[in-house]
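These notes concern the structure reproduced below.
The values are calculated or read from the model by the stated rules, or taken from the named source; none is laboratory data. Please read all numbers here as calculations on a predicted model, not as lab measurements. Because the Cβ atoms are built from the backbone with ideal geometry, glycine has one as well, and the counts that use them run over all protein chains shown.
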Amino acid sequence: MKTNRYGQSAVLDSNQLDTLISALQGKHHQVLAEVCRRTACRISEGRQLTWASITSAGITFPKTICKGKLASRSVPTTVRLQEVLTSWRREWAALYGREQKPSDFVFPGRFAGEPMSSRAFMDALERAALESGLDGVSSHSFRRSALSSASEAGVPLAALRALSGHQSLSTLQRYLEISQSAREAAAEAFA
């Protein structure tokens, strides 16, 4: 478990993720958390998205914002994420008094032309985790939770790797947490 920035972030179930996200102050923090939860992106990638990166089919994370800057990747959007983003698009336009330009950040920061800072999101997340009574939570909990739940649902590792942007399966596997029920089922399957 993560403590004082050491260790791995907690993997949360769907109910815990819902509780945590609803405890986040500010719609922009909630929407960013939903993007991270439903695309398995890193917080640094999610906060730097521009409206040009979001279509009805999916979200493209340009290589310029991806770790290592080696390759872009696209993640299809779920119905739930599409609803959240459509609502946020309307609220964003009302908040800033204009329609979005493709180059506008989906999550603008305090300073013009800059995205929300990771620190601003982390401060809000720490307060929400405390309020929710969840330990070991960090922004990476969304990524680890998404990948672990998809793995447990039987999604092939190669598909997870393509969506997460990991360079190797061994790196991806370090993210995945195996539940006790999955361990017990595996033990039952031993010859």
Next item on the list: Return the residue satisfying two criteria in turn: it lies in the range 61-70 and is surrounded by fewer than 16 Cβ atoms within 10 Å (Cβ to Cβ) and in contact with a Lys or Arg (Cβ under 9 Å, 6 or more places away or on another chain), and of such residues it is farthest from residue 107 (Cα to Cα).
Entry: 70
Margin query: For the range 71-176, give me every one of the helices (runs of 4 or more DSSP H) that falls completely inside it and has 1 or more residues that are under 15 Å from residue 36 (Cβ atoms) and among the hydroxyl-bearing types (Ser, Thr, Tyr).
Written below: 118-132, 140-152, 157-164, 169-175
Note to self: Residues to consider are 75, 35, 84, 79; find the one that is within 30 Å of residue 152 (Cα to Cα) and touching a Leu at 6+ places or on another chain (Cβ under 6 Å).
What the structure shows: 75
Note to self: Can you find a residue that is under 18 Å from the mean Cα position of the chain (by Cα), closer than 22 Å to residue 38 by Cβ and assigned to a loop (DSSP other than H, G, I, E, B) anywhere in the range 177-184?
What the structure shows: yes
Check: How about the range 38-53: which of its residues are assigned to a loop (DSSP other than H, G, I, E, B) and modelled with pLDDT of 95 or more?
Finding: 48, 49
Next item on the list: Please give the number of the condition residue 35 fails out of (1) part of a helix (DSSP H, G or I); (2) farther than 23 Å from residue 148 by Cα.
Entry: (2)
Item checked: Residue that is among the small types (Gly, Ala, Ser), at pLDDT below 95 and in contact with a His (Cβ under 9 Å, 6 or more places away or on another chain), where the choices are 56, 74, 9 -> 9
Next item on the list: Assess whether residue 53 counts as being under 24 Å from residue 137 (Cβ atoms), out of contact with any Leu (no Cβ under 9 Å at 6 or more places or on another chain) and of a type outside the set (Val, Ile, Thr).
Entry: no
Notebook entry, point to check: Which residues, taken from the range 71-100, are among the hydrophobic types (A, V, I, L, M, F, W, C) and surrounded by 10 or more Cβ atoms within 10 Å (Cβ to Cβ)?
Noted result: 71, 75, 81, 84, 85, 88, 92, 93, 95
Margin query: Please pick out the residue among 181, 164, 103, 118 that is more than 23 Å from residue 52 (Cβ to Cβ) and either surrounded by fewer than 19 Cβ atoms within 10 Å (Cβ to Cβ) or not hydrophobic (A, V, I, L, M, F, W, C) (or both).
Written below: 181
Next item on the list: State all residues of the range 6-56 that are closer than 29 Å to residue 71 by Cβ, surrounded by fewer than 17 Cβ atoms within 10 Å (Cβ to Cβ) and in contact (Cβ under 8 Å) with a residue 40 or more places away in the chain; if no residue qualifies, say none.
Entry: 7, 8, 44, 52
